[in-house]
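A short worksheet on the structure shown next.
The values are calculated or read from the model by the stated rules, or taken from the named source; none is laboratory data. Model, not experiment: these values are computed from the prediction. A quick note on method: Cβ atoms are made from the backbone with ideal geometry, for glycine too, and the neighbour counts reach across all protein chains shown. In case anyone asks, the SASA skips ligands and DNA or RNA and just uses the protein heavy atoms, side chains included. Shrake-Rupley method; radii C 1.70, N 1.55, O 1.52, S 1.80 Å.
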Amino acid sequence: MPTAMIALGGNSISQKGEAGEISLQFTHTRQALEGISHFISRDYNLCINHGNGPQVGNELYRMELTQNKIPSLPLGVCVAATQGTIGYMIQQSLQNKLRNMKIDREVVTLVSQVIVNSNDHQISNPQKFIGPTYIKEKAKDLANKFNWHIKEQNKGDWRRVVPSPMPEYIMHGKSIKALVDRGTIVISSGGGGIPVFNNTNGQLEGLDAVIDK
């Protein structure tokens, strides 16, 4: 069987200018998946990847609003969380589409880690803008509180910046391939994957960073 890799942008699920209600995100997910019928009806093996920019931005904003009541989470955990939530939306939408097409295929979502080099120059020189836009004074206050790096994106608009190191190895690749090859539709490496590195003890450790598309 032929195999296709399909990428969905995070903005196709949570569109610019919208509040991002989950019902709307489900609607956009179903719309974005309409074209996938072409591949399903032709018996393609499928692996689906998705962005998560708006969703991670929302997670960070929620933490800002609740910082005095609930402990904040590191960025890697937010990426993992959005892999789960967006994967769930894609998975359920696809399962319903398959039922409508009277096709019996499984759809699974994998929480996917990506190994990066802890010495990548991007880590010491963060450039990737994430999260909401602030005036300079507010951005500085949050940077001091959360130990952020901030930069001016446009005149008067300040945002948090994080590293975006190059991925070296996508973990769980053998499992992904085995599932795809047997006809399971796999949703993996959402948001580019959760960035991790091997520490000096040979253990995996998360990183406050994002993997670009």
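For the reader, a short list of remarks on this structure follows.
- Test: residue in segment 101-117 that is within 20 Å of the chain's Cα centre (by Cα) and at pLDDT below 90: no
- The listed residues are Leu142, Leu65, and the only one of them that is open to solvent by less than 50 Å² (accessible area, probe 1.4 Å) and either touching a Cys at 6+ places or on another chain (Cβ under 8 Å) or not small (Gly, Ala, Ser) (or both) turns out to be Leu142.
- In the set Gly35, Gly10, Gly17, only one residue is open to solvent by less than 40 Å² (accessible area, probe 1.4 Å) and of a type outside the set (Lys, Arg); that residue is Gly10.
- Any chance Val107 is in contact (Cβ under 8 Å) with a residue 12 or more places away in the chain, on the phi < 0 side of the Ramachandran plot and open to solvent by 50 Å² or more (accessible area, probe 1.4 Å): no
The rows are residues; the columns are (1) touching a Phe, Trp or Tyr at 6+ places or on another chain (Cβ under 6 Å); (2) more than 30 Å from Asp43 (Cβ to Cβ); (3) among the aliphatic types (A, V, I, L, M).
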position	(1), (2), (3)
Gly173	no, no, no
Pro195	no, yes, no
Leu204	no, yes, yes
Val210	no, yes, yes
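- Residues located in segment 110-139, provided they are aliphatic (A, V, I, L, M) and open to solvent by 60 Å² or more (accessible area, probe 1.4 Å): Val111, Ile135
- Condition met for Ile150 (free of Cβ contacts under 8 Å to residues at least 24 places away in the same chain and either touching a helix residue (DSSP H, G or I) at 6+ places or on another chain (Cβ under 7 Å) or open to solvent by less than 30 Å² (accessible area, probe 1.4 Å) (or both)): yes
- Test: Asn198 is in contact with a Leu (Cβ under 7 Å, 6 or more places away or on another chain), more than 18 Å from Val56 (Cβ to Cβ) and open to solvent by 80 Å² or more (accessible area, probe 1.4 Å): yes
- Test for Thr27: is it of a type in the set (S, T, N, Q) and in contact with a strand residue (DSSP E or B) (Cβ under 9 Å, 6 or more places away or on another chain): no
- Members of segment 154-213 found to be aliphatic (A, V, I, L, M) and in a helix (DSSP H, G or I), listed by number: Ile176, Ala178, Leu179, Val180
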